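The values are calculated or read from the model by the stated rules, or taken from the named source; none is laboratory data. Given the structure is predicted, the values throughout are model-derived calculations rather than measurements. Every residue, glycine among them, receives a Cβ derived from its backbone with ideal geometry; neighbour counts consider all protein chains shown.
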Amino acid sequence: MKNVIKHSKKILLAVAMLTVLVGNAKEKSSALKKGLIKTALTIYNVKEGNLLSIKDQDGVTLYKEFIVESGTYRKGFDLTALPDGDYVFQVDKEIEVKTIPFTVKSNKVVFKKDEEVTVFKPFVTEKDGYVLISKLAPDYASLKVSIYGNYNGTYELLQSDKFENLQTIEKAYKLEKGSYKIVINSDNNEYTSYINN
């Protein structure tokens, strides 16, 4: 318990020291430029409401902000204030999540460009009593769909399907009138949607 409190204090101190500076960048793709202390982050094709966060190796969110303007996002960060360890910038867009990993060691920041990953989120929509689920999986990631019915405040599993070895996953489910929870597991993430039809 003492280690958890000590680790939490370090994280809070690092977050408090994280300085945000406005930076300029000149590359056309998502790019990072490192100066002696400041790192400029540029992300193209963002939309208002997208979420940018910095997470540690345990998935703890150290910093987050919602993008306020569509187009190109530019901001400078002093990442040297973070404790030594592995981190990621995560950009959560409407249909995809991009992670940009980096390491801090002895006040030096090293980005792992070859380990950048883009994961496509599943898309769930309801129309005329049908729930349509689709997902792009260029790396053939598996997808598990679990549909729960709400019966007097208790969710009961109605159906569960697993899809593997597909790059494009599309499935339609016919649902009777009612309230449902749809849980989708893919790419080590869980996505939950609620349907009332």
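Details
- Among the candidates Lys174, Lys105, Lys144, Lys127, the residue that is at pLDDT below 90 and basic (Lys, Arg) is uniquely Lys127.
- The stretch 141-197, residues that are surrounded by fewer than 14 Cβ atoms within 10 Å (Cβ to Cβ) and hydroxyl-bearing (Ser, Thr, Tyr): Tyr151, Thr154, Ser160, Thr168, Thr192, Tyr194
- Residue under evaluation Val68, criteria (1) in the same structural domain as Leu41 (by the TED database); (2) among the aliphatic types (A, V, I, L, M); (3) touching a Ser or Thr at 6+ places or on another chain (Cβ under 8 Å), criterion not met: (3)
- Residues of the stretch 46-95 that are β-branched (Val, Ile, Thr) and part of a strand (DSSP E or B): Val46, Ile54, Thr61, Thr72, Val88, Val91.
- Residues that are more than 15 Å from Gly129 (Cα to Cα), assigned to a strand (DSSP E or B) and in contact (Cβ under 8 Å) with a residue 40 or more places away in the chain, drawn from the stretch 170-197: Ile184, Asn185, Ser186, Asn189, Tyr191, Ser193
- Selection from the stretch 59-70 of residues that are loosely packed, with under 12 Cβ neighbours inside 10 Å and over 14 Å from the mean Cα position of the chain (by Cα): Val68, Glu69
- Among the residues here, Glu156 does not qualify as closer than 24 Å to Asn185 by Cβ, outside any strand (DSSP E or B) and out of contact with any Pro (no Cβ under 7 Å at 6 or more places or on another chain).
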